[in-house]
Amino acid sequence: MNRFSYQIYEMAHLALTPARAMSDATRLMFKSPLNPWTHTHVGKNLAASAELFERVTRRYGKPVFDYEYTTINGKSCAIDENVVWEKPFCRLIRFTAESSHTRSRLLIVAPMSGHYATLLRGTVEAFLPNYDVYITDWSDARMVPLSAGKFDLDDYVDYLVQICEFLNTPGQSAPLHTLGVCQPSVPLISAIALMEADGNAKAPNSMVLMGGPIDTRKNPTAVNLLAQERGTNWFRRNCIVSVPVPYLGVGREVYPGFLQLSGFMAMNLDRHMTAHLDMFNHLIEGDGDSAEKHRDFYDEYLAVMDLDAAYYLQTIEEVFVRHSLPKGEFRHRGRLVDLRAIRGAALMTVEGEKDDISGVGQTAAAHALCPNIPENRKEHYLQAGVGHYGVFNGSRFKREIAPRICAFFDSSEQGR
């Protein structure tokens, strides 16, 4: 990749600023109730076109969780959000609700794959009535100064070990459960294996791995095949750029979020084009609810962050090219990670029937790699009719997947 591609991207964004301003002004003019053209077919078309142009060319900032209330035992309870642990590349956010009893704790490990942790807003929301929920809020690498050092897959595992140790401090009576969504499945299961191998009493009670690339040799998807065919050096040459001025991380080598997003969009281009056309029609027809659902989804989906190049390339090499973990060859800072060391933590895997990112069987492979976990503390669930996103979000997740995970956590507490 041209080493100036990030600068070219920034220049292109700035060049469109006047057009976006004019488009926004047009939208406001043809939305005004004082404008006689507002309720005409021409006016509605112009307003819809202007909004669509502005949204397609906009840069989306980091979203917020913004929870206010949840329901516990039929009672509406306010949600408190606090940062309880922080390092240069991650903040640990805690969500708590008033409750009359001690609640188990759930650590949700969000993926570091280009989107912010708020992509799991629905995941967190589903568990708030039952648990004190913590989530890893990974930093945008372009905003981390070079003085903070690099961040790679070894650091990722270290962070998870440190977070588990932080949460399982002396005096904590409530069990700690963990849930890794997609990419974190590999570092999460590795961190737990290292903790149990060391006899670390602060290891979590259970782990749920959802749509994760434990063994990408099984039922490989287009994403897996691309990594296998191109190899790590291709990604190093074509996907790594330096952060430009004026970002805090100027000079840091990253895999840019805009490149990751373009890959996601290209995989399902027809679906995204149809969705935007549907939004255009909803705006013309005055269907505000449907248009708002579209806005909410794409405000989240189009907000992306940069990944440190060291982490990205090490993940490509170890997970997608060498398949180190399922081969029993994965090392953390030179030390072999042996999943057979896991005996205490219960294991549940969740997959989606139509997942085009992590194929069916890739996450379930964890069960064979952890032979010393008792069978009564293992569970696998395949959700029919959902793709990758549906594994951790949406109506089927809330209705069918989340209750099964809660039941699994309950049984793991009783069976330990």
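The values are calculated or read from the model by the stated rules, or taken from the named source; none is laboratory data. Just so we're clear, the structure is a prediction, and the values are computed from it rather than from any experiment. Quick reminder, even Gly has a Cβ in these numbers, built from the backbone with ideal geometry, and neighbours come from all protein chains shown. Note: areas computed on protein heavy atoms with side chains; ligands, DNA, RNA excluded. Shrake-Rupley method; radii C 1.70, N 1.55, O 1.52, S 1.80 Å.
Structure above, values below:
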read-out	value
Carbon + sulfur, % of accessible area of region 161-208 - ligands and nucleic acids excluded, 1.4 Å	51
For region 166-213, the spread of Cα positions along each principal axis, largest first, Å	34, 21, 14
Percent carbon-and-sulfur accessible area, region 291-416, ignoring ligands, DNA and RNA, probe 1.4 Å	50
Partner lysines for Lys75 [C-alpha distance under 26 Å; skip if fewer than 8 residues away on the same chain]	Lys398
Förster radius 35 Å - calculated FRET efficiency between Glu229 and Gln162, Cβ distance, rounded to 0.05	0.45
Mean accessible surface per residue for region 324-416, computed with a 1.4 Å probe while every protein chain stays in place, in Å²	45
Heavy-atom accessible area order for Tyr301, Tyr389, Tyr69, Tyr156, largest first, 1.4 Å probe	Tyr69, Tyr389, Tyr301, Tyr156
By average C-beta atoms within 10 angstrom, highest first, the peptides 249-260, 79-90	249-260, 79-90
Sequence-separation-based contact order of region 137-237, relative, with Cα cut under 8 Å and 6+ spacing, percent	27
Reachable aspartates and glutamates, given that their alpha-carbon falls under 16 Å from the alpha-carbon of Lys31 and they are not under 8 places away in the same chain	Glu51, Glu54, Glu285, Asp287, Glu292
